[in-house]
Every structure is written in C-alpha cells, then in structure tokens.
Amino acid sequence: MTQSGETLTPESSTGRLMVDAPIRMFHALFAVCFFGAWLTSEWERWRCLHVTLGYSMAGLLLFRVVYGLFGPPQARLHLLFGRIKGLLGMVNPARTGEPRPDGNANRTSLLGTLQNASMAATILAIIVLMTVTGASGYLAWNDAPEWVAELHEACGESLITLGIIHIVLVLGFSFLRKRNLALTMLTGKIAGPGPGIVQHNRAWLAVMMLIAVCAFGTYELQQMPGELSTDRASARMLKEEGKHEKHHSKRKHKHGKDGSKGNSAKPLLSFCA
C-alpha cells in the first residue's frame, strides 16, 4: 500500500495497470462530447445537438465527482490536491523533512512531480469551470438574462484554452519522460517493472457508461428534427431576438417579438459554448 492509501497489485508481464476502465471511458467520452460541443457552438442548425452534448458532459462530470468521492482509492479526487501539495514539498523540502534527490534521480523525480501537479491542476480547473459552464448554459437555454449567456460563452472559451493546455502538457511530458502518456489513458497501463495500483478494472461500469451516453444521445437526436422544423424553434428564436432588441427601444422590442426585425440579434446560446 502506498503513502496515499492506494493498494498495489502484483506486477503484470504486460505492464502495470494504473488507470481503471471507468476513468478511461470518462476521459474518452468527455473529450468526444467537448469536441462535438465546440464544433456545433456556432451553428444554429445544430443547436439541439450542442445542448445534448452539453448535458452529456454534465452527466459525465457528475459521475466523475461521485466516483472520486466514493470510488476506489486510486480514483479519489483528494489525490489531485495531494499531487499539487507534492510539488510544494519538492520546491521546499524543508517543510516535509524529506531529503532532495541527487543527479538523475532528482530530474526524474522532479519531472514526475511536475507532471502530476500540472495535470491535477488542469483537471481541477476543468471540473470547476465545467460546472459553471453547464449551469450558465442551462440557464441561458431557459431564457436567462443576457449576462448569463455571456458568462457561458466566456467559460466555454476558457475551457477550450484549458483543453489546449492539457494536450500540450501531455505531449510535453511524454517527450521529456520518453513515455506515451496518451497511450496510458487508452490502455490504463504503464510499461516497466513494479506493481499496479488498480485492483479491479471494472470494465462493466465503463460499458454501462457508454451505453447510457449513447442511449441519451440517441433519444435526444430523435427529437431534434422535429424541434428544428416546427414553429417551436422559430418561436424560441423570435423570443430571444425580442429580448435582445428590448435593450434598444420598446418599438424594436415589439418588432423583435413579431419577427419583422431583429436581424442583428445575437445567436441563441445553449449548453456549451
């Protein structure tokens, strides 16, 4: 058992299992939904798909929080804070009372600590920012004030920046440590000697996650053609245009509601910018 409470499993000839199936499935589904939401954020025709992907991301995030609170030791969210704290101990070892490694051991240890701390920081930032993005997107989709939609858009752009930073960190540390970190998130394993930390892979839970997301998406997409082709979509757009024109004059607000004006209205923001 490690200092953080993780239980080690016997060494495998094919590598050490370090990431279980549910975490890997969460990562893959979240990345796909995020990319899809970004692609559809500026296309009014795909607004309902955009919203569906946003709801899927919110559900996945909820799963990750619950799994991080009540799941296996290696998936606990408190480990993220421990990794950030580990960087502080590396910078100021006097606070922890541990000796500083020398030579190559120092470089390897420093790279590992920097990797863990930076990845943990970006993951925590994404969780917090996605929570705000999801909440503001839901409110914006349900006729919230204009500033909520602007907050949602700003959070969406910040999430894109965090996603790029995350990818750059993965590529950079893969190069520096001569280890394919992206492959680890696909297979869950790390090559080399030593025991793994995952006792149970829980592939069944990962399959259930995939089925749930696909079922939800399929159901929502079946509703999308009707939403786009009926008067409901036009009525919603006209209502949003009316709200926008109200900021200028009562006369323009009236035209915005009956559809005769309002061409300069901002496109309706939905779940994920």
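The values are calculated or read from the model by the stated rules, or taken from the named source; none is laboratory data. Model, not experiment: these values are computed from the prediction. Note that we place each Cβ from the backbone using ideal geometry, even for glycine, and neighbour counts take in every protein chain shown.
Looking only at region 60-80, residues that are part of a helix (DSSP H, G or I) and touching a residue at least 40 places away in the same chain (Cβ under 8 Å) come to 11 in all. Taken over region 153-170, the criterion of being in contact (Cβ under 8 Å) with a residue 12 or more places away in the chain and either under 15 Å from the mean Cα position of the chain (by Cα) or within 16 Å of V32 (Cβ to Cβ) (or both) is satisfied by C155, G156, E157, S158, L159, I160, L162, G163, I165, H166.
For region 60-73, how many residues are within 19 Å of C33 (Cα to Cα) and surrounded by fewer than 17 Cβ atoms within 10 Å (Cβ to Cβ)? Going through region 60-73 one residue at a time, the tally reaches 2. In region 171-181 there is no residue that is buried (at least 16 other Cβ atoms within 10 Å of the Cβ), in contact (Cβ under 8 Å) with a residue 24 or more places away in the chain, of a type outside the set (A, V, I, L, M, F, W, C) and not in a loop (DSSP other than H, G, I, E, B).
Taking (1) in a helix (DSSP H, G or I); (2) hydrophobic (A, V, I, L, M, F, W, C); (3) modelled with pLDDT under 70; (4) surrounded by fewer than 15 Cβ atoms within 10 Å (Cβ to Cβ) in turn, M90 satisfies each apart from (4).
If I filter region 99-116 for residues that are modelled with pLDDT under 80, outside any helix (DSSP H, G or I) and of a type outside the set (D, E, K, R), do I get at least one hit? For region 99-116, residues modelled with pLDDT under 80, outside any helix (DSSP H, G or I) and of a type outside the set (D, E, K, R): present.
Cβ-Cβ distances below 6 Å connect the following pairs, each with a first residue in region 35-49 that is closer than 16 Å to H152 by Cα and touching a residue at least 12 places away in the same chain (Cβ under 8 Å), a second residue that is of a type in the set (A, V, I, L, M, F, W, C) and surrounded by 20 or more Cβ atoms within 10 Å (Cβ to Cβ), and a separation of six or more residues or different chains: A37/L53; A37/C272; T40/L49; S41/A273. In summary, S136 fulfils each of the numbered conditions (1) touching a Cys at 6+ places or on another chain (Cβ under 7 Å); (2) in contact (Cβ under 8 Å) with a residue 40 or more places away in the chain with the single exception of condition (2). Scan region 159-168 and tell me whether some residue there is within 18 Å of G59 (Cβ to Cβ) and either modelled with pLDDT under 90 or of a type in the set (A, V, I, L, M) (or both). Looking for residues that are within 18 Å of G59 (Cβ to Cβ) and either modelled with pLDDT under 90 or of a type in the set (A, V, I, L, M) (or both), one finds at least one in region 159-168, hence yes.
Considering the conditions (1) over 23 Å from R64 (Cβ atoms); (2) in contact with a Ser or Thr (Cβ under 8 Å, 6 or more places away or on another chain), F175 is excluded by exactly one of them, (2).
Is it fair to say G172 is farther than 20 Å from L62 by Cα and modelled with pLDDT under 90? It is false that G172 is farther than 20 Å from L62 by Cα and modelled with pLDDT under 90. A single entry from E42, E11, E6 fulfils the requirement of being at pLDDT below 80 and exposed (fewer than 15 other Cβ atoms within 10 Å of the Cβ): E11.
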